[in-house]
Amino acid sequence: MKPFFSIIIPYYNAGATIGKLTSSIGRSKGAPPYEVIIVDDGSGEPLSLPVWQATRQPRPAKGGARNDGLRVIRLPKNMGPAVARNRGVESAKGKFVVFLDSDVELFPDALANLARIYTDDPDVVAVTGVWVKTQRSRAFFPNYKALRDWSYWINERDKSGYYFLFSTRIASIKKTVFTRLGGFDEMYPAPLVEDIELTYRIARRYAIIFAPNVRVRHEFEHFWPVAKKYFLRAYYWTKLYARRKKFDPVATTWWEALTTITGVGTVIGGIVSVWLVPWRLYFTNYESGILHQGINGLIVRLIPDSIFLIPFILHLFLTRKFLAFMIREKGIVFALRGYLMGLILSCFIFAGALAGRLTVGR
């Protein structure tokens, strides 16, 4: 029987997580027939075929679904996830392809819920799922990032937007449509904005359906790897923006851009205010509490306040939903730390966008 789904997984040095993913796929309940294609992207720790021998033969999966086996495709060198996914689709037999990152775990009902969307409405051609907000780690930053992403998808998303980010942590598309669109842009050598760029091309003709019941678990990294990704995604997205000349309801809305700008303004304003503390003391008469030195004193007292307070108030307004969400989930102390972390990440995003703007056309 021809599989309904072809599950495509790019693999690069992911030995610590790939087994959890394939095991979670095997626990799927009520799923239609599927095949699993792992594309080894020139990994330094390649998959060992004997490890997969037990799963390579077609067998009934739990819940009655037929698992048409697991295949491994090896690329001669590391070429990036865009290339790996495209090569996986080229050998796929299913009507629909499902993209999963190698560091997620699939919920048992995810494939069944995804199949139901396609069968209930034959006009649907693309679906994106969501990663849950819980983390096994108790560390602050992974939990902050999980709540940040969940809030974006559930609480803060532009509900008037007619399409959503085709996020490859968990996303699916009709194979014929993916092939006709040319697949992922292979110019990106790393997980950068290839998903956003494909989203734009899909959205010219079709809507991407957001399905909150198509879920994966994703354990987030700590600060530095994520901050680097923020910088690079902002860098490359700015180049996309230079071609399109507009924001979107997907990955970078005007609201998010303004949030980033006010966050950077808050940081700069805070630094300036602290730097000017000695001058403020100099222009203040301690005995009378009255400013002296005339207009100079007035400027030194008022400008730092406005430099900090205006962007701070705007940023607080723009992030109010996320702040309230963090308080509900983790308490006020966590929310205060999260607010400060958001300011720091805004600086990385702004720096990436600025670098991208300066190199547009190169």
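The values are calculated or read from the model by the stated rules, or taken from the named source; none is laboratory data. Just so it is clear, the model here is predicted, and its values are computed rather than measured. Note that we place each Cβ from the backbone using ideal geometry, even for glycine, and neighbour counts take in every protein chain shown.
See the values below:
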read-out	value
Lone qualifier among PHE178, PHE184, PHE210 - being assigned to a loop (DSSP other than H, G, I, E, B), in contact (Cβ under 8 Å) with a residue 60 or more places away in the chain and buried (at least 17 other Cβ atoms within 10 Å of the Cβ)	PHE184
Residue list for the stretch 161-175, filter: of a type in the set (Phe, Trp, Tyr) and assigned to a strand (DSSP E or B)	none
Scope the stretch 213-262; condition β-branched (Val, Ile, Thr), out of contact with any Lys or Arg (no Cβ under 8 Å at 6 or more places or on another chain) and assigned to a helix (DSSP H, G or I); matching residues	THR259, THR260, ILE261, THR262
Members of the stretch 50-93 that are modelled with pLDDT of 90 or more and part of a loop (DSSP other than H, G, I, E, B)	PRO76, LYS77, ASN78, MET79, GLY80, SER91, ALA92, LYS93
Criterion: modelled with pLDDT of 95 or more and surrounded by fewer than 18 Cβ atoms within 10 Å (Cβ to Cβ) - qualifying residue of ILE290, ILE332	ILE332
Filter result (hydroxyl-bearing (Ser, Thr, Tyr) and farther than 15 Å from SER167 by Cβ) within the stretch 189-237	TYR206, TYR230, TYR235, TYR236
Single residue of ALA115, ALA146, ALA110 found to be within 26 Å of GLY182 (Cα to Cα), of a type in the set (Gly, Ala, Ser) and at pLDDT 95 or above	ALA115
Complete set of residues in the stretch 23-48 that are crowded, with 22+ Cβ neighbours inside 10 Å and of a type in the set (Ser, Thr, Tyr)	SER28, TYR34
Flag for LEU198 being touching a Lys or Arg at 6+ places or on another chain (Cβ under 8 Å) and assigned by TED's automatic domain parsing to the domain that holds ARG116	no
Test for ILE261: is it in contact (Cβ under 8 Å) with a residue 60 or more places away in the chain, more than 30 Å from SER137 (Cα to Cα), of a type in the set (Val, Ile, Thr) and assigned by TED's automatic domain parsing to the domain that holds LEU316	yes
Close pairs (8 angstrom Cβ cut-off, 6 or more residues apart or separate chains): surrounded by fewer than 20 Cβ atoms within 10 Å (Cβ to Cβ) in the stretch 135-158, acidic (Asp, Glu) and in a loop (DSSP other than H, G, I, E, B) anywhere	GLN135/GLU219; ARG136/GLU219; SER137/GLU219; PRO142/GLU219; PRO142/GLU221
The stretch 69-83, subset touching a Ser or Thr at 6+ places or on another chain (Cβ under 8 Å) and touching a residue at least 60 places away in the same chain (Cβ under 8 Å), residue farthest from ARG169 (Cα to Cα)	ASN78
Filtered residue count, the stretch 193-207, keeping only those that are in a loop (DSSP other than H, G, I, E, B) and either modelled with pLDDT of 95 or more or surrounded by fewer than 20 Cβ atoms within 10 Å (Cβ to Cβ) (or both)	4
Cβ pairs under 9 Å, 6+ apart, first in the stretch 108-121 and in the same structural domain as GLU35 (by TED's automatic domain parsing), second in a helix (DSSP H, G or I) and of a type in the set (A, V, I, L, M, F, W, C)	LEU111/ILE25
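Yes/no per residue for (1) under 23 Å from GLY19 (Cβ atoms); (2) aliphatic (A, V, I, L, M):
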| position | (1), (2) |
| --- | --- |
| ASP103 | yes, no |
| TYR144 | no, no |
| ARG148 | no, no |
| ILE154 | no, yes |
